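First up is the structure itself, then whatever we jot down about it.
The values are calculated or read from the model by the stated rules, or taken from the named source; none is laboratory data. All figures in this text were calculated on a predicted structure; none of them were measured in a lab. Heads up, the Cβs are rebuilt from the backbone with ideal geometry, glycines too, and the neighbour counts pull from every protein chain shown.
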Amino acid sequence: MPLCDLSFFRKFSWLPLAAAFLVIGPVGVLTAQAQPRAELTETTHDFGQVREDMSLVHTFVIKNAGTENLQVLDVDPDCACTVANYDRSIPPGGTGRISLEIKPFSVIHAFKKKTLVRLNAPNQPSLTLVVTGNAQRSIEIEPSHIVRFRGNPTDVPPAQVRLVSNLTFPLEIIKLQNLMPDKFDATLKTERPGKVYVVEVKNKCQDQGHYVGMIELYTNVVHRPKIYLRVIADFAPDSSRMP
């Protein structure tokens, strides 16, 4: 081969570049794909029928299906009544947990609580977790905790307030205290022991005018040792008897 003939070398001059591509190219591709990826089997949970005095806790499981650590940057509930506990870093292929606890007496009737979760995952920088349910009052007061007397004071009928327990243990009303005995009488009756009680309120006032009184019921319930009933009277003369 003549020394001046460079065609042979030109023919194979692409080999070093190809070799470099084989080494550098795949590394570049892998680097671009190295990132966390969040996967959840659920983002909503229904507690169903619960009581207002219960502490409600649910744990959401989050999987890192990526190739870099998944960071939970922030968990932000929409209500101060929700307390969050969570794993802040989840390795590739691993799982973490985000637990949400709703404090007792924070929900009543149908409720829906949302929590925003911020992540370092490019495919899902944030997600929203939702918990729902329907909370019963631990003690129902029917028809209301307020007793109202109106009209002619000599004609108003007695009023009744029923207390219905949804507790898991028997409710006991230990004592009834009438804070305005000169204006009305208040008596306690047991309709179903441990479950249903009735407070009967009778007006004693014979004069026109206005008064506001209070009845205190002492219970055996730690989180609700007292139940308050208000008695409001607005008496006016009977227009049918006026000349």
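Numbers at a glance
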{"item": "Selected residue (only one of Arg150, Arg162 is surrounded by 11 or more Cβ atoms within 10 Å (Cβ to Cβ), within 29 Å of Val50 (Cα to Cα), among the basic types (Lys, Arg) and touching a residue at least 12 places away in the same chain (Cβ under 8 Å))", "result": "Arg162"}
{"item": "Selection within the stretch 211-234 - surrounded by fewer than 21 Cβ atoms within 10 Å (Cβ to Cβ), among the hydrophobic types (A, V, I, L, M, F, W, C) and over 17 Å from Asp53 (Cβ atoms)", "result": "Val212, Met214, Ile232"}
{"item": "Residue in the stretch 104-114 that is touching a residue at least 40 places away in the same chain (Cβ under 8 Å), in the same structural domain as Met54 (by TED's automatic domain parsing) and of a type in the set (A, V, I, L, M) present", "result": "yes"}
{"item": "Pick from the stretch 33-79, criterion aliphatic (A, V, I, L, M) and within 12 Å of Thr115 (Cβ to Cβ), ranking: surrounded by the fewest Cβ atoms within 10 Å (Cβ to Cβ)", "result": "Val75"}
{"item": "Odd one out for Thr95 among (1) of a type in the set (Val, Ile, Thr); (2) surrounded by fewer than 17 Cβ atoms within 10 Å (Cβ to Cβ); (3) over 30 Å from Thr43 (Cβ atoms)", "result": "(3)"}
{"item": "Residue in the stretch 232-242 that is modelled with pLDDT of 95 or more and hydroxyl-bearing (Ser, Thr, Tyr) present", "result": "no"}
{"item": "Condition met for Phe184 (within 14 Å of Ala159 (Cβ to Cβ), out of contact with any His (no Cβ under 6 Å at 6 or more places or on another chain) and of a type in the set (Phe, Trp, Tyr))", "result": "yes"}
{"item": "Residue match in the stretch 138-145 (condition: under 30 Å from Asp76 (Cα atoms), surrounded by 13 or more Cβ atoms within 10 Å (Cβ to Cβ) and in contact (Cβ under 8 Å) with a residue 60 or more places away in the chain)", "result": "yes"}
{"item": "Candidate set: the stretch 165-185, residues that are hydrophobic (A, V, I, L, M, F, W, C) and farther than 16 Å from Lys226 by Cα; chosen: the one surrounded by the fewest Cβ atoms within 10 Å (Cβ to Cβ)", "result": "Phe169"}
{"item": "Whichever residue in the stretch 187-231 is of a type in the set (Gly, Ala, Ser) and at pLDDT 95 or above and, among such residues, is farthest from Pro157 (Cα to Cα)", "result": "Gly194"}
{"item": "3 or more residues closer than 30 Å to Arg224 by Cβ and either touching a strand residue (DSSP E or B) at 6+ places or on another chain (Cβ under 7 Å) or modelled with pLDDT under 95 (or both): qualifying strands (runs of 3 or more DSSP E) within the stretch 20-131", "result": "44-51, 56-64, 82-86, 95-102, 109-119"}
